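Written below as structure tokens is the structure these notes are about.
Taken together, the values in this text are just the output of simple stated rules run on the coordinates, not laboratory data. The structure presented is a predicted model; accordingly, all values stated were derived computationally and were not measured. All Cβ positions, glycine included, derive from the backbone under ideal geometry; neighbour counts span all protein chains shown.
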Amino acid sequence: MIKVLFVCHGNICRSPMAEFVFKDMVKQRGLTDVFSIASSATSREEIGNPVHYGTKNKLREFGINVEGKYAVQLCREDGNHFDFIIGMEQRNVVNILKIIGKDSKSKVCRLLDFTDRPRDISDPWYTGDFDITYQDVYEGCKALLRECDQILKEKENKWI
């Protein structure tokens, strides 16, 4: 099983968008039993709050439902549990490392680091632009899935 955790500041905009976009991609590929996918926040500001209406509305356009998702905070144990801990921007990466400690297995990175154009994903809480955020999240999730395909192929070769 490949365990993926998406992380942003509040866990109401970008990281739940990435969580549910990636879950949808995985479901479309028939790989739901191969992945564990979640999201969390580096801050405590939004803990217990539902997904931001801008993210909900954007994902609804693609038939993706986020009902039942509430913001949770990243904890130290997550560093041991997940295979990938993926921030939306460099500031998230810095804060993730403050929470989980050492990253000796190189689990922590930004989502768009998997693409040909590594960069931060702008926070729509401030920009108000959920369209651009969705495009970036989709691009990153697609690239992450390609990376996971490679991991799964390597595991298959080991089993043969």
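Some notes on this structure:
- P(r) tail fraction, the chain - alpha-carbon pairs more than 20 Å apart, %: 46 percent
- Helix-only [θ]222 nm of the chain, DSSP H runs n ≥ 4, -39500 (n - 2.57) each, per residue, nearest 500: -14000 deg cm²/dmol
- As a rough guide to protection, the peptides 96-109, 77-90, 13-26 ranked by mean Cβ packing within 10 Å, highest first, stand as 13-26, 77-90, 96-109.
- Unit charges at the beta carbon, dipole of the stretch 72-160: most positive-side option, P118, Q90, S104: S104
- Of the DSSP H helices in the chain, those whose Cα atoms cover at least 27 Å axially and whose Kyte score averages -1.0 or more: 130-159
- For the pair S106 and R60, a Förster radius of 35 Å applied to the C-beta separation gives a FRET efficiency near 0.50, rounded to the nearest 0.05.
- Within the stretch 36-67, the trypsin sites (Lys or Arg not before Pro) that combine a DSSP coil assignment with at most 13 other C-beta atoms in a 10 angstrom radius are R44.
- Efficiency of FRET from Cβ geometry, K3 and Y70, R₀ 22 Å, rounded to 0.05: 0.65
- Burial ranking of peptide ranges 113-120, 35-42 (average Cβ count within 10 Å, highest at the top): 35-42, 113-120
- Above-threshold pairs, the threshold being 25 Å between Cα atoms, out of K98/K142; K23/K58; K27/K102; K69/K102; K105/K142: K98/K142; K27/K102; K69/K102
- Charge dipole of the chain about the Cα centre (unit charges at C-beta), most positive-ward option of V26, G54, Y134: V26
- Pairwise FRET efficiency - R119 versus K153, Cβ, R0 = 35 Å, nearest 0.05: 0.80
- Label point of K98 set 7 angstrom out along Cα-Cβ; within the stretch 39-53, amide nitrogens under 11 Å from it belong to 42-44.
- Long-range amide H partners of R110 with built H, under 5 Å: G87
- Charge dipole of the stretch 2-159 (Cα centre as origin; +1 on each Lys and Arg Cβ, -1 on each Asp and Glu Cβ, all else neutral): 340 debye, rounded to the nearest 20.
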